[in-house]
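Asks: Have a look at this one before I ask anything.
Values in this text are rule-based calculations from the coordinates and carry no lab data. Computed from a predicted model, the values in this text were never measured in an experiment. Please note: Cβ atoms are built from the backbone with ideal geometry, for glycine as well, and neighbour counts cover all protein chains shown.
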Amino acid sequence: MRAKLSVPKPRRGRVAGGALRMAIGASAIGLSVGCALTGGARGRAMAPHAQLKLVNAVEASTAPGVAGSRAAPRDAAAADNPLGLPVAPTNGDPLSGARFFVDHESEASVAARRYPQLRLIADQPGTARFGAFSGPDVGRAVHDYLVRASREQPGTVPLLATYRIVDGHCGNWTPTPGDQDSYHAFISRFARGVGRHRAVLFLEMDSLITAPCLSRQGVSVRMHELQGAINVLITDCPRLVIYLDAGAADALSAPHAARLLRRAGVGKIQGFFLNSTHFDWTSKEIRYGDQVSRLTGGKHFVINTGENGRGPLVPPDRVHQGNEVLCNPAGRGLGPRPTTNTGYPTVDAFAWTSNPGESGGACVPGAPPTGAFWPAYALMLVRNAHFTVDSHFNRTSTSANGTRRRKRSHKHVHGTS
């Protein structure tokens with residue numbers, strides 16, 4: 001029996017909106033898939049005259065209105081310390097020791113002027129999202145954001161995400177040549193906007209977790225699109241640390257995620273990111289990420305902990321409703337604070353890529369439209385915050401200093417810490 005498809009409203013990003021969470025059932029036990037829809041036709045930017053060979057070199061011209069020229073290839077020093085940190089990391093984590101940009105113009109910061117409790121969210125680094133919703137020139141949009149970040153907080157590293165490749169089609173879908181042309185144009189302009197600015201990029205949220213929405217040919221096209229995007233970015237953006245979507249522990253199996261990552265070109269970048277549109281327990285994501293890491297040659301990963309302090313809200317019928325509620329689930333809380341000091345050797349960072357407090361849509365009473373910052377929901381997240389890594393999964397893990405430690409097996413201690 002196939003699980004029922006549930007499609008909540010789009011959930012928009014910190015820079016602009018377009019993310020939609022939806023649960024997709026893919027087996028008799030159900031499969032939750034966080035899916036963000038950009039809500040716009042992807043093929044309008046370029047005529048579908050031919051399918052691009054996305055793995056080839058990108059255009060040499062610069063984006064109109066964006067200062068600077070195409071960046072030179074990475075040298076050995078940049079590869080070891082791409083962010084140009086004062087103390088070069090030596091632990092395989094290029095984020096180690098980085099200070100992340102905190103956007104004091106964010107909706108959370110504005111809301112905190114009225115609700116001081118929300119400073120708990122506003123004072124943490126969020127993630128600026130870019131997609132079809134970013135206006136006619138994504139290159140200009142990301143360039144302006146990065147310039148403002150470097151001017152307002154010199155020495156900090158902005159966190160970025162793209163949400164462009166997922167366009168809302170589901171059900172044996174194959175992207176058209178026009179779709180591919182449009183995406184290539186988008187990522188090329190985005191890369192030229194980033195240029196030599198330093199940043200961390202979470203590339204194409206939900207791009208792999210939504211693979212069940214695609215036909216076999218569609219999956220192949222998606223892999224070529226991601227390969228092309230990675231090639232463009234590593235060529236044009238020498239100071240960009242890139243992680244690729246790998247879903248969540250309650251959505252894809254580790255072997256499946258690893259196969260997709262390898263096909264998409266994860267070997268060329270730092271690693272992958274998890275839980276970006278889900279609320280799964282941090283402990284389970286660490287275990288899942290370690291499994292995927294072993295299957296991808298030891299790649300490192302980042303976990304979204306923005307709203308998972310109380311874990312997922314499991315629906316009564318997982319077969320038809322998916323493994324967790326993804327649109328404004330009640331009773332959730334902030335999870336571990338953003339940090340690069342995670343204590344786990346393959347976990348480069350905990351990050352709040354979900355920008356806590358943004359509405360997932362008008363799917364519950366009182367919820368504002370998708371993407372609007374919802375103070376009531378944000379205040380709930382603050383009240384229910386749990387900032388330490390939970391102990392829901394019984395495992396033995398290796399800490400950053402090489403010692404072995406065992407987590408408590410099952411009991412979760414509620415409340416803030």
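Asks: Using Stokes-Einstein with the Kirkwood hydrodynamic radius over Cα pairs, what translational diffusion coefficient do you get for the stretch 290-367 at 10 °C and a viscosity of 1.306 mPa s, in µm²/s rounded to a whole number?
Replies: Details: Rh = 14.4 Å.
My calculation gives 110 µm²/s for D.
Asks: Put +1 on the Cβ of each Lys and Arg and -1 on the Cβ of each Asp and Glu in the stretch 240-335; which of 270, 333, 311 then has its Cα farthest toward the positive end of the dipole?
Replies: 270
Asks: Find how much the distance from residue 313 to residue 185 grows on full extension, using 0.36 nm per residue of separation minus their present alpha carbon separation; answer in nm with one decimal.
Replies: In short, 42.2 nm is gained.
Asks: Using the Cα centre of the stretch 144-226 as origin and beta-carbon charges of +1 (Lys, Arg) and -1 (Asp, Glu), tell me which of 195, 208, 162 is placed farthest towards the positive end of the dipole.
Replies: 195
Asks: How large is the dipole of the stretch 172-322 about the Cα centre if only Lys and Arg carry +1 and Asp and Glu carry -1, each at its Cβ, rounded to the nearest 20 debye?
Replies: Here the size comes out at about 540 debye.
Asks: Give the whole-number value, in cubic angstrom per residue, of the convex hull volume spanned by the C-alpha atoms of the stretch 181-314.
Replies: Per residue, the Cα convex hull of the stretch 181-314 comes to 107 Å³.
Asks: Let me ask something else about it. Please report the orientation-averaged projected area of the stretch 266-332, defined via the convex hull of its C-alpha atoms, in nm².
Replies: Averaged projected hull area, Cα only: 5.2 nm².
Asks: Let me ask something else. For the stretch 119-127, in order, what is each residue's ³J(HN,Hα) by Karplus, 6.51 cos²θ - 1.76 cosθ + 1.60 with θ = phi - 60°, in whole Hz (x at glycine and Pro)?
Replies: With coefficients 6.51, -1.76 and 1.60, one gets 4, 4, 8, 5, 8, 9, x, x, 10 Hz.
Asks: Right, here's the next one. Set the Förster distance to 22 Å, then compute FRET efficiency between residue 148 and residue 99 from the Cβ-Cβ distance, nearest 0.05. Mind showing how you got there, number by number?
Replies: Working: r = 16 Å, r/R0 = 0.73.
Rounded to the nearest 0.05, the efficiency is 0.85.
Asks: With charges only on Cβ, +1 for K and R and -1 for D and E, what is the dipole size of the stretch 249-344 about its Cα centre, in debye, rounded to 20?
Replies: 400
Asks: Subtracting the Cα-Cα distance from 0.36 nm times the residue separation, let me have the gained length for residue 123 to residue 216 in nm, one decimal.
Replies: 29.1 nm
Asks: Could you state the number of Å between the C-alpha centres of the stretch 345-396 and the stretch 107-122?
Replies: Cα centroid of the stretch 107-122 versus Cα centroid of the stretch 345-396: 15 Å apart.
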